[in-house]
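Colleague: Structure provided below as structure tokens; questions to follow.
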Amino acid sequence: MNRIFKGVTTITVWFLFILGLILVVLDGIVLPLVGKITMTEAYFATGLGIASLILSVVAMKIRQKLE
């Protein structure tokens with residue numbers, strides 16, 4: 001696999017991973033406790049965060065198979 005594709009895939013995986021962590025921790029846990037967002041928004045943000053984390057794992061597995 002070309003080095004540029006490895007780099008782009010790695011950046012994408014890290015972006016999805018960090019985005020997922022931020023969504024789960026900040027929007028799913030912290031902001032509902034402070035009262036900034038409703039619980040429905042918190043559930044939605046947590047779901048998006050978990051989906052982002054799963055996608056980052058899938059993308060890393062695909063990257064490993066392409067090597």
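The values are calculated or read from the model by the stated rules, or taken from the named source; none is laboratory data. What you are looking at is a predicted structure, and each value in this text was computed from that prediction instead of being measured. For neighbour counting, all protein chains shown are included, and Cβ atoms are generated from backbone atoms with ideal geometry for every residue, glycine included.
Colleague: Of the residues in the range 16-42, how many are of a type outside the set (A, V, I, L, M), out of contact with any helix residue (DSSP H, G or I) (no Cβ under 8 Å at 6 or more places or on another chain) and at pLDDT 85 or above?
Modeller: Number satisfying all stated conditions: 1.
Colleague: For the range 27-48, check the following and say yes or no: at least one residue is in contact (Cβ under 8 Å) with a residue 24 or more places away in the chain and surrounded by fewer than 16 Cβ atoms within 10 Å (Cβ to Cβ).
Modeller: No, the range 27-48 contains no residue that is in contact (Cβ under 8 Å) with a residue 24 or more places away in the chain and surrounded by fewer than 16 Cβ atoms within 10 Å (Cβ to Cβ).
Colleague: Select from the range 1-25 the residues that are closer than 19 Å to PHE44 by Cα and of a type in the set (Val, Ile, Thr) and write down the one among them that is surrounded by the most Cβ atoms within 10 Å (Cβ to Cβ).
Modeller: Among those that are closer than 19 Å to PHE44 by Cα and of a type in the set (Val, Ile, Thr), it is VAL24.
Colleague: Exactly one of these conditions fails for PHE5: (1) part of a loop (DSSP other than H, G, I, E, B); (2) touching a residue at least 60 places away in the same chain (Cβ under 8 Å). Give me its number.
Modeller: Of everything listed in (1) part of a loop (DSSP other than H, G, I, E, B); (2) touching a residue at least 60 places away in the same chain (Cβ under 8 Å), PHE5 misses just condition (1).
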